[in-house]
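Peer 1: Dropping the structure in here first, questions after.
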Amino acid sequence: MTSPDQLTLPEELRYTPEHIWVKKDGDTCLVGITDYAQDQLGEVAFVDMPAIGAHFAAGDEFGSVESVKSVSALFMPVSGTIVEANAALEDAPTLINASCYADGWLARIKADSAADVDALADAAAYGKQL
Amino acid sequence: MRITIIGGGPGGYTAAFAAAQKGCDVTLVETESLGGTCLNRGCIPTKTLRASADALIMGARLAEYGITGCSAPSVDLEAVRRRKEGVINILKTGLEKACAHHKVRLLAGHGRVVDAHTTVVRDASGAETTIAGDAVIIATGSRTLQFPGLTFDHACICSSDDALQLTRIPQRLIIVGGGVIGCEMACIYNAFGSSVTVVEGQDRLLPMPSVDQEVSTLLNREMRKRKIKILLGKTLSDVRVENGVAHGAAGPSPFSAQPAGDQTPEQLEADMVLVTVGRVPAADMGLAEAGIAVDRRGWITVDDNLQTSAPGVYAIGDILGPSRVMLAHVAAMEGLCVVDNLCGSPRPMAYDAVPSAIFTTPEIGEVGQSEAQAREAGARVVCGVAQMRELGKAHAMGELPGFFKVVADADSGRLLGVHIAGAHASDLIAEAGLAMTTGATLHDIDRTIHAHPTLAEGLQDAVRAALRAMKN
């Protein structure tokens, strides 16, 4: 188990208290789980992603990540619609452990409001929570 | 007291043996096979197929446990069928012996109630016998429901009765109806090699109010892990069979609360369509002439003592329909209540702690209210969840999926509902059933020592999570 000061927290991302990161990418956003979350989970065995086109409110459960230790719900960072899910995770769920901020991204969402994303915590605020 | 019981399923035979043990003169009328739907077309055959499916699944996992030397296992359908028939025969013979032992007069034929004192039985040759008695218990059960547009041809468009015959493993199987039977069949046929799609009209699998949402969510995920396709909020229409292949369209269902995404019907193709959307009453027995009231769907209506509108005529089990609980163990308990009533020591039938066991992969065991039901009823609710994979036994066994969830009254700590998913959930739920029947609280389960390492500890862990939540 890595100690909080050894975890990676990219400065340009936004974070939720439930360990989801959000990255603006044009008019959509990428989301994934943070280094803290993947470290706590251990080796990811299965990722449960929602259907394309599904809409969720902020805080809704939109999927789950499963490891030998636990099944953890994924909570929507902002209200929005699922535009794409990372298909690579079906055969290689451990991409989340190896590269949680890049190759291990979970989904692309279209946020209902861009302002919602800006209102999320930054790296410093999230880091304090850990 | 002379009692005539029509229907030799779990409701009928339980009532028959209990009445005989109390000294009653019992006649049991059965039109097809002792054991009814449960033994012949339901509980028992499904569970024997489930056991074969489990053996196949374990066979493919042997290397995980360090067992080598076994090449890829496969299904011998004839052998699986033979085992199923064998189990059914063992149990049926046991029932026949029990009838003889209890001196229950067993009559083969179709029974028709005239009144509390008269039942007419017509045998296979058409000959009629009149049975005189003091009371009648109708326990004729239910049958498979045929949906409009999905007429059973028993080859391509099939009922659960057909599915249990296991004539073949279709390469592509569509199951219409994601309730208990549909999901159990999906898991069995998927294990045997079918590519399965479940089409369910409501927005979740197992869409019954007493099933907790978290159970539906887990089952959905576990079935999809096994590559079972699940279409929620959809119904199958425009079904036609051409050259042994069924074609249909899965479109938005009128039962769906919120249709999500694309509304264009998806064209589906399959080698077999299994329709498991409910049951209908087996009540073709002149009920109206006897003054026995039924509801608009044909289910018999009874009062709190399970007496029909004809005095001295009682009804139990599936024939009472979905307003009661259509499970074998409920029919049996209703039978015991009626017999106690007839013999002078009335026992009310209670439905608030009826366990249900669902034999999907993983298993599900539930008793009492879902979290949603408990909140709707206005209770101040506290819940506690423990994951199966938090248990040492689950890891040792290699069976990680599942959880234990308790729903309790936050003020008294009394249990309102328990929901278990995972290996052996169908057996684990019995402890919760006892807790609910005796009005036990979270504290009672907390202070009961549970052996280690067992899966039963999971219930205690969930209880402790609820107790911690109560403190906050």
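Peer 1: Using Cβ-Cβ distances only, list the Cys residues of chain B with no partner cysteine under 4.7 Å, sorted by number.
Peer 2: Here B:24, B:70, B:99, B:156, B:158, B:183, B:187, B:337, B:343, B:383 come out as lacking a disulfide-compatible partner, given the Cβ-Cβ threshold of under 4.7 Å.
Peer 1: Under 15 Å from a point 7 Å along the Cα-to-Cβ line of residue B:452: which residues of segment B:392-421 have their amide N that close?
Peer 2: Under cut-off, by backbone N: B:392-396.
Peer 1: Let me ask you something else. Which FRET efficiency, nearest 0.05, do residue B:472 and residue A:27 yield, Cβ-Cβ r, R0 56 Å?
Peer 2: 0.85
Peer 1: Also: Among residues other than residue B:306 whose Cβ falls under 10 Å from its Cβ, what is the net charge (Lys/Arg +1, Asp/Glu -1)?
Peer 2: With Lys, Arg at +1 and Asp, Glu at -1, the neighbours total -2.
Peer 1: Classify chain B from the C-alpha gyration tensor, please: rounded if a/c falls under 1.5, else prolate or oblate depending on whether a/b exceeds b/c.
Peer 2: It is oblate, given that a/c is not under 1.5 and a/b is not larger than b/c.
Peer 1: A follow-up question, please. Which helices, taking whole DSSP H runs in chain B, have alpha carbons extending 24 angstrom or more along the helix axis plus mean Kyte-Doolittle at least 0.0?
Peer 2: In chain B, the long hydrophobic H runs are B:43-60.
Peer 1: Multiplying the sequence separation of residue B:301 and residue B:372 by 0.36 nm and subtracting their Cα-Cα distance, what value in nm do you get?
Peer 2: Length gained between residue B:301 and residue B:372: 22.7 nm.
Peer 1: Ok, one more. Would you work out the relative contact order for segment B:157-277, in percent, from Cα pairs under 8 angstrom that are 6 or more residues apart?
Peer 2: About 34 percent, as a whole number.
Peer 1: Rounded to whole Hz and in sequence order, give me ³J(HN,Hα) for segment A:25-39 from the Karplus expression 6.51 cos²θ - 1.76 cosθ + 1.60, θ = phi - 60°, writing x for Gly and Pro.
Peer 2: 9, x, 9, 10, 10, 9, 10, x, 9, 7, 4, 4, 5, 5, 5
Peer 1: Excluding residue B:212 itself, what net charge comes from residues whose Cβ is under 9 Å from its Cβ, given Lys and Arg +1 and Asp and Glu -1?
Peer 2: Once positives and negatives cancel, what remains is -2.
Peer 1: Under a 10 Å cutoff between Cα atoms, tell me which one of A:60, A:48, A:27 has the largest fluctuation in the Gaussian network model of chain A.
Peer 2: Comparing A:60, A:48, A:27 in a Gaussian network model of chain A, the most mobile one is A:27.
Peer 1: Calculate the spin-label point distance for residue A:7 paired with residue B:74, positioning each point 7 Å from the Cα along the beta-carbon direction, and give it in nanometres.
Peer 2: The two pseudo-label positions are separated by 5.0 nm.
Peer 1: A follow-up question, please. Based on the alpha carbon coordinates of the protein assembly as shown, what radius of gyration and maximum Cα-Cα distance (Dmax) apply, in Å?
Peer 2: According to the Cα coordinates of the protein assembly as shown, Rg and Dmax are 27.0, 88 Å.
Peer 1: On to the next question. Computed FRET efficiency, Cβ-Cβ of residue B:397 and residue B:47, R0 22 Å: what is it to the nearest 0.05?
Peer 2: The calculated FRET efficiency here is 0.65.
Peer 1: While we're here: How far is it, in nm, from the label point at residue B:98 to the one at residue A:51 when both lie 7 Å from their Cα along the line to the Cβ?
Peer 2: 4.5
Peer 1: Once you place label points 7 Å from the Cα toward the Cβ at residue A:88 and residue B:350, how far apart are they in nm?
Peer 2: Modelled inter-label distance: 5.8 nm.
No value in this document is a laboratory result; all are computed from the given coordinates. What you are looking at is a predicted structure, and each value in this text was computed from that prediction instead of being measured. Cβ atoms come from the backbone with ideal geometry, glycine included; neighbour counts cover every protein chain shown.
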